[in-house]
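Structure first, commentary second.
The values are calculated or read from the model by the stated rules, or taken from the named source; none is laboratory data. The structure presented is a predicted model; accordingly, all values stated were derived computationally and were not measured. Heads up, the Cβs are rebuilt from the backbone with ideal geometry, glycines too, and the neighbour counts pull from every protein chain shown.
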Amino acid sequence: MPTSSPSELVVHESAIRANTAFFAECTGNRLMAVLKADGFGHGDVAAAVVGAGATSIGVTSIAEALRVRGAGVDVPVLSWTNAVDADFAAAVTADVDLAVPSLAVLHAVVRAAGAAGRRARVHLHVDVGMGRDGCPTEEWTALCGLAAEAQGLGTVRVVGVMGHMSCADRPEEPQNVRERLVFRNAVRTARRRGLAPAVTHLAATAATITGAGRGFDLHRVGAGLFGIDPSGTSSALRPALSLTTRVVSARRVAAGTGIGYGHDHVVPRTTNTALLPIGYGDGLPRAASGKAEVLVRGRRRPLIGRFSMDMVVVDTGGDRLPPGETVTVFGPGSDGEPTVADWARWSDTIEHEVVTRIGSRVARVHRRPDGRDTALEAPHA
Ligand SMILES: *Cc1c(COP(=O)(O)O)cnc(C)c1O
């Protein structure tokens, strides 16, 4: 049967479940699973992580939060990084918790709660030292004061206080000590203003693994659920993606033949090549040109020449591959195939970037623990 996509991304639910169970255990069952950016490129895994022990879910946009709600997942869902004109009313109506980093956002949430006729559940977000998002400490007291007022009027309920650490992948950094202190002070300020947040949360994956963000109520873990450890210190995590493609054509090329744009690679001796219908337009980092390998018949073989948008060329040595033969671009590494970590190294980036950039032309398959497969839709905007 003809298939529409020669390239396939398999999401291994059992790995995500195992990683989730690991974090549920090491956080004492206080795990917010962070599923932003289409679940770090793994698709809709909300039910899987809740089934494996996550007690809440975190995402960035309200659209993502509504999708989680639409999947019928019945745990708290928190959305952050929303602009002041975001659809807060839709979030409140769908019982989505909202991070509030500023007076402007608090005003907008209060208005939306009024319009929706419901109390908004909010987590006040303080900047503990990231210098990026969250409420600057200079404005924190005012934010807590206004939130307490709104809570008194019944428009919002402050259920949480959150912060996000900048250097938790290096636990020895003194900055971590400062950020924990800023966070503790911020929680104290909130309490002094009459707020009683049920949950405080500071740690993401690295801070959870290294302990740099220990001592609070919830842990917001994203990367780790997908086998990525930014601190490079844990061996307990399992990668959850395999990317394969299928040979379009193969040929014998003579010594001295230049391959692809600019002839960056000239084959030193006569060899066989195969054309693979996947390129940087599908998320293969172009910076990995000249370095990357794929797994062909159980052996690593080099991709040669500059990556194109829609195709790359692999040097298969003595093997002439038939059209349609499957080649593994990356996987867990258990059969010798390259890993996402290899691809990150080859392209001088982090694993997060590799897994979140796989393009919409690549077919997606969700493999359940019992081995059954479900085709997934390509990621939404
Ligand atoms: C992305 C994100 C997380 C999750 O971080 P990981 O390192 O992937 O675990 C947690 N909190 C906030 C605010 C984030 O933006």
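Can you spot a residue in the stretch 10-21 that is surrounded by fewer than 17 Cβ atoms within 10 Å (Cβ to Cβ) and in a helix (DSSP H, G or I)? Yes, the stretch 10-21 has at least one match. Of the set (1) within 12 Å of the ligand (Cβ to nearest atom); (2) farther than 24 Å from V354 by Cβ, all apply to L66 but (1).
For the stretch 143-186, what are the residues that are under 21 Å from G211 (Cα atoms), of a type outside the set (S, T, Y), part of a loop (DSSP other than H, G, I, E, B) and out of contact with any Phe, Trp or Tyr (no Cβ under 6 Å at 6 or more places or on another chain)?
Initially, the stretch 143-186 is screened for residues under 21 Å from G211 (Cα atoms), giving 160-186.
Then keep just the ones that are of a type outside the set (S, T, Y); that gives 160-165, 167-186.
Pick out the ones that are also part of a loop (DSSP other than H, G, I, E, B) and you get 163-165, 167-173.
Selection gives H164, M165, C167, A168, D169, R170, P171, E172, E173.
Taken over the stretch 45-77, residues that are modelled with pLDDT under 95 and in a loop (DSSP other than H, G, I, E, B) amount to 4.
Any residue at all in the stretch 170-178 that's at pLDDT 95 or above, crowded, with 18+ Cβ neighbours inside 10 Å and closer than 25 Å to I57 by Cβ? Within the stretch 170-178, none of the residues are at pLDDT 95 or above, crowded, with 18+ Cβ neighbours inside 10 Å and closer than 25 Å to I57 by Cβ. If the condition is being within 12 Å of the ligand (Cβ to nearest atom) and within 20 Å of R121 (Cα to Cα), then the stretch 33-55 contributes A33, V34, L35, K36. One residue alone among A363, A378 is small (G, A, S), closer than 21 Å to Y280 by Cα and over 16 Å from the mean Cα position of the chain (by Cα), and that residue is A363. If you go through the stretch 112-125 one residue at a time, do you hit one that is away from the ligand (no atom under 12 Å from the Cβ), farther than 30 Å from G283 by Cβ, without any contact (Cβ under 8 Å) to a residue 12 or more places away in the chain and in a loop (DSSP other than H, G, I, E, B)? Yes - at least one qualifying residue is present in the stretch 112-125. Within the group T208, T189, which residue is polar (S, T, N, Q) and either outside any helix (DSSP H, G or I) or crowded, with 21+ Cβ neighbours inside 10 Å (or both)? Answer to the check: T208.
Each row is one residue, and each column tells you yes or no for (1) more than 28 Å from A375 (Cβ to Cβ); (2) touching a strand residue (DSSP E or B) at 6+ places or on another chain (Cβ under 8 Å).
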| position | (1), (2) |
| --- | --- |
| L35 | no, yes |
| A47 | no, no |
| I57 | no, yes |
| V84 | yes, no |
| D87 | yes, no |
| D95 | yes, yes |
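Can you spot a residue in the stretch 329-340 that is part of a helix (DSSP H, G or I) and either modelled with pLDDT of 95 or more or surrounded by fewer than 18 Cβ atoms within 10 Å (Cβ to Cβ) (or both)? Scanning the stretch 329-340 turns up at least one residue that is part of a helix (DSSP H, G or I) and either modelled with pLDDT of 95 or more or surrounded by fewer than 18 Cβ atoms within 10 Å (Cβ to Cβ) (or both). Of R345, R372, R368, all but one fail to be closer than 17 Å to K291 by Cα and among the basic types (K, R); the exception is R345.
Out of D95, D85, one residue alone is in a loop (DSSP other than H, G, I, E, B) and free of Cβ contacts under 8 Å to residues at least 24 places away in the same chain. It is D85.
The residues on offer are G224, G256, G281, and the sole one that is in a helix (DSSP H, G or I) and closer than 30 Å to D315 by Cβ is G281. Beta carbons closer than 8 Å, at least 6 apart along the sequence or on distinct chains, never pair a first residue in the stretch 253-274 that is surrounded by 12 or more Cβ atoms within 10 Å (Cβ to Cβ) with a second that is modelled with pLDDT under 95.
Within the stretch 207-252, the set of residues being among the small types (G, A, S) and within 11 Å of the ligand (Cβ to nearest atom) comprises A207, G213, G222, A223, G224, S231. Residues in the stretch 194-205 that are over 17 Å from A33 (Cβ atoms) and either within 8 Å of the ligand (Cβ to nearest atom) or not in a loop (DSSP other than H, G, I, E, B) (or both): T200 alone. G43 fulfils the conditions (1) without any contact (Cβ under 8 Å) to a residue 24 or more places away in the chain; (2) closer than 27 Å to T339 by Cα except for a single criterion, (1).
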